1. Tell me the angle of helix A:2-16 to the major Cα principal axis of chain A, expressed in degrees between 0 and 90 and rounded to the nearest ten.
2. Could you point to the residue in A:GLY189, A:LEU79, B:PHE11 farthest towards the positive end of the protein assembly as shown's charge dipole, with +1 and -1 charges on the Cβ of Lys/Arg and Asp/Glu respectively?
3. Amide H neighbours of B:ALA206 under 5 Å, at least 5 residues apart or on other chains, H built in the peptide plane: list them.
4. Report the gain in length on full extension from A:LEU26 to A:ALA128: 0.36 nm times residue separation, minus Cα-Cα distance, nm rounded to one decimal.
5. Over all alpha-carbon pairs of the range B:41-102, lay out the pair-distance distribution in 10 Å bins, whole %, shortest bin first.
6. Could you let me know the centre-to-centre spacing of the range B:95-110 and the range B:125-151, using Cα atoms, in angstrom?
7. Could you tell me the distance between the Cα centroids of the range B:26-85 and the range A:202-218, to the nearest Å?
8. Scan chain B and note any complete DSSP helix (H) whose C-alpha atoms cover at least 18 Å along its axis and whose Kyte-Doolittle average is 1.6 or more.
Amino acid sequence: MSFAAIVGKDLRLEFRRPETLLAAFLLGLGVLLALRLALPADPRATGAAAIWLALFLSGTLVLLRGFAREHEDGTLDLLLLSRASRWGIFTAKAAAAFVSLGLLAAFVTAVGVAMYEIDLGLSGAGLAAALAVGLFALAVLGTYAGALSARARDRQALLPAVLVAIGLFTILLPCVSATLHAFFGETWGALADLRFPAATGLAVLALAAVTIDRVLEE
Amino acid sequence: MIRASGLTKRFGARVALDAVSLEVQAGQAVAVIGPNGSGKTTLLRVLSTLGRPDSGSATVTGADLLREPERVRASTAVVLHHFMVYDDLTLEENLRFAAALRGLRLSDATVAERLRVFGLEARAHERAATLSRGNRQRFAITRAFLGAPRVLLLDEPLSGLDEEGRALAERAFTDFTARGGTILATAHRDRDAAFCARSLRLDRGALAAG
């Protein structure tokens, strides 16, 4: 019951005050536009990179809100005082982040696919897999970084720094490569590239399972 | 009941709690009186499992603070300085969410009844952001009674309340102890702890019977 309540509450707050999601949508759109104008090479290659760069940057805005909103009136304490375990709180917040990132990805990908004139008939399955795995890894890593920075004074800077430091090579670049394979109709190649983000997501999940009690402790 | 023995908590070089020992029986309300920075809030945070003591031990309703924190949390409700409300949720949504965190599903009638106790029923569908400090405090106290806790840890619970709010809160706390509940409350002065039968003095983290 606590898990569903936390997921529901996070999503309700996301839509009750949609500025962050709208800003993320605009940032994603801006990155796509800038790269479309700046890089006139093979549209599939630049399209794959542009979609993931847009998702990575705009997704950071969404992830920043995850634990940050629990500081506005000390509501992190409300969660910590509940019957939900620290692990339960973490997974619920990661699940809510995954849903929010999914909405953002639907928008960014639709715009990117249209902008770069990519044939989805050829690449749909590989693209869906890349998005599912990449967003899972991003949601888990972003939520863990958010939890790590929950007690930090400079939490607004810490989360993006952790995301870039860890996520650049383990999530962003492999997902670009997987999406590129998908755009060329090479579904198996796409799946092979997704080993890295999948492993990253699972590794962070395992790390969180072991450390989240300490991470959220005062 | 609450039993603490030698609770010590440091923040760097500063000793926030210095070997605090106390006992509060079931059906009793005890106040911890002290000036700002004396360690009152830290004591409540440690007893509620939000903070971990550096040394010492404590049990709340028989559950050990360090070994059985889930049992402590299940039997305890806390009112802190910050109100722990989501500004963008309505009062009703905040109450339902807090109830869900305690494993409860509230009917519409129960929500209305709970909010009525502290005169908040007319505000049920307003966002918490619109509430005054006093009404936030009323809401925080309302929420504390969800799920029939056996222990209330109250950090300056009357602060910010008007006369009516103070009277409602004091009556609720008195009824709670009359039913066998245990209260440990903090206050700056005795006047704000009139609902407590006994008071202790805390200064620079150390406790002395008052």
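1. That works out to roughly 60 degrees.
2. Most positive-ward Cα: B:PHE11.
3. Under 5 Å from the amide H of B:ALA206 lie the amide H atoms of B:ASP18, each far enough along the sequence or on another chain.
4. Stretched out fully, the A:LEU26 to A:ALA128 stretch lengthens by 34.5 nm.
5. The percentages, shortest bin first, are 20, 44, 28, 9, 0.
6. Using only Cα atoms to place each centre, the spacing works out to 13 Å.
7. Taking the Cα centre of each part, the range B:26-85 and the range A:202-218 sit 24 Å apart.
8. None clear 18 Å together with a mean of 1.6.
Bear in mind these aren't lab numbers, they're just calculated from the coordinates by the rules spelled out. Because the structure is a prediction, the values reported are computed rather than measured. Note that each Cβ is placed from the backbone with ideal geometry, even for glycine, and that neighbours are counted across all protein chains shown.
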